[in-house]
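Here's the structure we're looking at; comments come further down.
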Amino acid sequence: MHPNAQLIDRFYSAFQKRDAATMASCYHPDVTFSDPVFPDLKGAHAGNMWRMLCERGKDLKVEFRDVRADDATGSAHWDAWYTFATTGRKVLNRIDADFTFKDGKIIRHADRFDFHAWAGQALGTPGKLLGWTPFLQNKVRAMAAKNLAEYESKK
């Protein structure tokens, strides 16, 4: 297995154990992370997001597969089952991840998932009806950013 594929495997194996410190150690100090909810996290904020999610995800279950990597880039698919705390609704989020590497670490991590499908599960009827709209997407992003800022201020 390519060393960068081993790095991705280490990252998600740590996620399965909710070991955010190991996850963050896979990241380059100048990492950028993006997904539909956290579109632009840089540096320590990316690791802190995983810390927050691992600590708060009491019933979080993660499975991953299709890990591929070469000297420059990599990818994987992962699924997350959890209860969305705000609504108490069960979620299965199916995510495709792309990675770029530098100095043996992940320098760019971009996750893609169907926000509308996620919103329908997490938010129920409002998510099903409005999950495709920039209004709801921006509202969710603002709440996520606020939650991360509050989490980081307590650390």
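The values are calculated or read from the model by the stated rules, or taken from the named source; none is laboratory data. As the structure is a computational prediction, the values presented were derived from the model and not from experiment. We place every Cβ from the backbone using ideal geometry, glycine too, and count neighbours over all the protein chains shown.
Tell me, yes or no, whether the range 50-58 has at least one residue that is in a loop (DSSP other than H, G, I, E, B), over 13 Å from E152 (Cβ atoms) and modelled with pLDDT under 95.
Kept after step one, since they are in a loop (DSSP other than H, G, I, E, B), are these residues of the range 50-58: 57-58.
Pick out the ones that are also over 13 Å from E152 (Cβ atoms) and you get 57-58.
If we keep only those that are modelled with pLDDT under 95 too, we end up with 57-58.
So far as the range 50-58 goes, yes, one or more of its residues are in a loop (DSSP other than H, G, I, E, B), over 13 Å from E152 (Cβ atoms) and modelled with pLDDT under 95.
Looking only at the range 1-23, filter to residues that are of a type in the set (F, W, Y) and out of contact with any His (no Cβ under 9 Å at 6 or more places or on another chain); which one of those is nearest to H77 (Cα to Cα)? Give the derivation first.
Here is the first cut: in the range 1-23, the ones of a type in the set (F, W, Y) are 11-12, 15.
Narrowing the set further to residues that are out of contact with any His (no Cβ under 9 Å at 6 or more places or on another chain) leaves 12, 15.
Working: Y12: 10, F15: 13 Å.
The qualifying residue nearest to H77 (Cα to Cα) is Y12.
Let me confirm something: among Y27, Y12, which residue is within 12 Å of the chain's Cα centre (by Cα), more than 23 Å from K139 (Cα to Cα) and hydroxyl-bearing (S, T, Y)? Testing whether each residue is within 12 Å of the chain's Cα centre (by Cα), more than 23 Å from K139 (Cα to Cα) and hydroxyl-bearing (S, T, Y) leaves just Y12. All conditions but one from (1) within 26 Å of S153 (Cα to Cα); (2) among the acidic types (D, E); (3) surrounded by fewer than 17 Cβ atoms within 10 Å (Cβ to Cβ) apply to D35; the one that does not is (3).
Take the conditions of a type outside the set (A, V, I, L, M), closer than 30 Å to Q6 by Cβ and either exposed (fewer than 13 other Cβ atoms within 10 Å of the Cβ) or within 14 Å of the chain's Cα centre (by Cα) (or both) and apply them to E150. Does it pass? Answer is no for this residue. Taking residues in the range 31-43 that are on the phi > 0 side of the Ramachandran plot, and partners anywhere that are surrounded by fewer than 19 Cβ atoms within 10 Å (Cβ to Cβ), the pairs with Cβ atoms closer than 7 Å and at least 6 places apart or on different chains are G43/P29; G43/D30. Just one of (1) assigned to a strand (DSSP E or B); (2) out of contact with any Leu (no Cβ under 9 Å at 6 or more places or on another chain); (3) within 18 Å of V31 (Cβ to Cβ) fails for E152. It is (1).
Listed by first and then second residue, the pairs linking a residue in the range 81-94 that is free of Cβ contacts under 8 Å to residues at least 60 places away in the same chain and surrounded by 14 or more Cβ atoms within 10 Å (Cβ to Cβ) to a residue that is among the hydrophobic types (A, V, I, L, M, F, W, C) and assigned to a loop (DSSP other than H, G, I, E, B), with Cβ atoms under 8 Å apart and 6 or more places separating them unless they lie on different chains, are W81/L60; Y82/L60; N93/F113. Restricting the first member to the range 2-19 and to residues that are surrounded by fewer than 19 Cβ atoms within 10 Å (Cβ to Cβ), and the second to residues that are in a helix (DSSP H, G or I) and among the hydrophobic types (A, V, I, L, M, F, W, C), the beta-carbon pairs closer than 8 Å and six or more apart or on different chains are R18/C54; D19/C54.
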